[in-house]
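Please treat every number below as a calculation from the coordinates, not as lab data. Because the structure is predicted, anything quoted here is derived from the model rather than measured. All Cβ positions, even for glycine, are placed from backbone atoms using ideal geometry, and neighbour counts span all protein chains on display.
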Amino acid sequence: MGKEKKLKQVNMFVQFGCGLSAPKSWVNFDSSPSLVIGKIPLLKNLLKSYLPPFPKNVRYGNIVKGLPVKDEKAKLVYASHVLEHLSLNDFRIALKNAYKILENNGVFRLIVPDLQWYITEYQQSKSGNRSYDFMINTHLGLKHRQKGLMGLLRSWFGNNLHLWMWDFDSINIELQKAGFKNIRRAYFNDSIIPQFKEVEDESRFNNSLAIECTK
């Protein structure tokens, strides 16, 4: 894609990895290849059965490469079930980039699967299939490799695998290293900032770890 002009308006609410959740009061970014393809008429018609119906106000943006947002222009930043799909190194870059676009005292709120919850479930399970269940439920396992062109497309568009999992203590350390402060475990709709209610979905908090912190 061509280089986008960076957004610089103040008091922006920025969501990255938004998927199909794109409230109008937020600036919503997603890095799915299907978002780019969906804007090319020929490819859109050819691959329409594989393309999710992104709302029109979703912009292309990759938090690892850097969002087209000027530094310190975002009042709020939000990411739900995005960061676990990144390698450890890319995760750390993503935190630095989220920190850069936040204004001073801006708030970053994020949700990832809770590794501690899944480990506890594994340890307490009496099932002989508990290892299988753990690998499937955490999306760490790969049952089979996709083959052929269609398999490649499904794998490319899907990006369902989790590359790195987190518990509170480990993600707390990473957030501190990136410069964040006032780090706390969060819960559905517990923020004093009303705009977060526009992007939060209670089901996304199931078996998950939510964090709220500030710059």
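Listing for the model above:
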quantity: Aspartates and glutamates whose Cα lies under 18 Å from that of Lys73, excluding same-chain neighbours fewer than 8 positions away; calculated: Glu4, Glu103
quantity: Within straight-line cross-link reach of Lys100, aspartates and glutamates at Cα separation under 17 Å, skipping those fewer than 8 residues along the same chain; calculated: Asp71, Glu72, Asp90, Glu174, Glu212
quantity: Charged-residue dipole, Cβ positions (Lys, Arg, Asp, Glu), the range 46-142 about Cα centre, Debye nearest 20; calculated: 420
quantity: Gain upon complete extension [Tyr187, Asp201; 0.36 nm per residue less C-alpha separation]; calculated: 3.9 nm
quantity: Using a Förster distance of 22 Å, the FRET efficiency for Leu163-Ser125 (Cβ separation, nearest 0.05); calculated: 0.35
quantity: Prolate/oblate/rounded call for the range 91-148, Cα gyration tensor, a/c under 1.5 rounded; calculated: oblate
